[in-house]
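Single-structure report; data block below.
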Amino acid sequence: MPTPAFATPGQIRALFDRIAGDYDALNQHLSLGLHQIWKTMTVLWADPPRGGEVVDLCCGSGDLALILARYVGRQGRVIGVDFSPKLLAIARQRGERLFPGFPFVWLEADVLELPLPANRYAAVTVGYGLRNVVDIPRCLQEISRILKPGGKVAILDFHQPRDPWVAAWQGWYLQNRVVPEAGRRGLGEEYGYILPSVRGFPDGERQKQLAQEAGLADPHFYPLLGGMMGVLLARKPD
């Protein structure tokens, strides 16, 4: 799959470094706090086992990794992976503050070439990250590689709704609420990328097909919020 027209890998990394300091506050404000519910649902679908080793890719400031920690417990381990050092620094600080002594690993790495062993991890999550990688099939192949047999992956992201009225409302909200609010923090251009990235993102049916092509089994896609969000769920065959 080609690089999205709206950005190169270097531009995407630089973008997330620029928004790192405002990332959490904007997510909370612009989603009316609902993003925490969607992220918790994603973790529950991934079914992380108590005491298991799990991975959160494109971990950003650590939201899903922190939720995963509550489920695997201190006998488990959570690895958060991102290529933005500034977001990783925030994630590390949050982890130390909220779960002192917990065995987090915060790894600066490319999700297309993960420095992680194959067939090891019980669950993988991705929150608002798959849409930003430049090679979605390759990312799914890496997820399939690192999962242990029977392990699950759950991927949460924005989507373009099938209903034209809902799609129109989504476009209006992103352009007339999200971008201006980000603009007040000097980040209007950075948040302007969201709509074109959503429009170019594979829909749920295509994601299921890509998951199967990557070696994952039983893919399901669950639309949320009228199809404006969605979760792709799959597992590695036993």
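The values are calculated or read from the model by the stated rules, or taken from the named source; none is laboratory data. It should be emphasised that the depicted structure is a prediction, and the values quoted were computed from it without experimental measurement. Neighbour counts run over all protein chains shown; Cβ positions are idealised from the backbone, glycine included. Please note that ligands, DNA and RNA were not included when accessible areas were found on the heavy atoms of the full protein model with its side chains. Shrake-Rupley method; radii C 1.70, N 1.55, O 1.52, S 1.80 Å.
Among the conditions (1) modelled with pLDDT of 95 or more; (2) touching a Phe, Trp or Tyr at 6+ places or on another chain (Cβ under 7 Å), E213 misses just one, which is (2).
Of all residues in the range 56-102, those satisfying the criterion of being among the hydroxyl-bearing types (S, T, Y) and open to solvent by less than 10 Å² (accessible area, probe 1.4 Å) are S61, S84. Please enumerate the residues belonging to the range 75-107 that are over 22 Å from P49 (Cα atoms), of a type in the set (K, R) and in contact with a strand residue (DSSP E or B) (Cβ under 6 Å, 6 or more places away or on another chain). Selection gives R92 alone.
Within the range 219-235, the set of residues being without any contact (Cβ under 8 Å) to a residue 24 or more places away in the chain and open to solvent by 60 Å² or more (accessible area, probe 1.4 Å) comprises just one member, H220. All conditions but one from (1) closer than 25 Å to I194 by Cα; (2) modelled with pLDDT under 95 apply to R94; the one that does not is (1). Among the residues of the range 119-152, those that are open to solvent by 50 Å² or more (accessible area, probe 1.4 Å) and out of contact with any strand residue (DSSP E or B) (no Cβ under 7 Å at 6 or more places or on another chain) comprise R138, Q141, R145, P149.
For every residue, the table says whether it meets (1) touching an Asp or Glu at 6+ places or on another chain (Cβ under 9 Å); (2) more than 20 Å from A46 (Cβ to Cβ).
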residue	(1), (2)
K86	yes, yes
I90	yes, yes
F99	no, no
F104	yes, no
L107	yes, no
L114	yes, no
V124	yes, no
D135	no, yes
R138	yes, yes
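Suppose we filter the range 196-238 for residues that are assigned to a strand (DSSP E or B) and hydroxyl-bearing (S, T, Y); how many remain? Total satisfying the criteria: 1.
Counting the residues of the range 30-75 that are assigned to a strand (DSSP E or B), among the charged types (D, E, K, R) and in contact with a Lys or Arg (Cβ under 8 Å, 6 or more places away or on another chain) gives 1.
Close Cβ contacts (under 6 Å, 6 or more residues apart or on different chains) running from residues in the range 199-214 that are within 19 Å of P149 (Cα to Cα) to residues that are polar (S, T, N, Q) comprise A214/Q141; A214/S144. So which residues in the range 131-186 are in a helix (DSSP H, G or I) and at pLDDT 95 or above? Across the range 131-186, the qualifying residues are I136, P137, R138, C139, L140, Q141, E142, I143, S144, R145, I146.
For W169, work out the one condition from (1) in contact (Cβ under 8 Å) with a residue 60 or more places away in the chain; (2) within 16 Å of L225 (Cα to Cα) it doesn't fulfil. The failed condition is (1).
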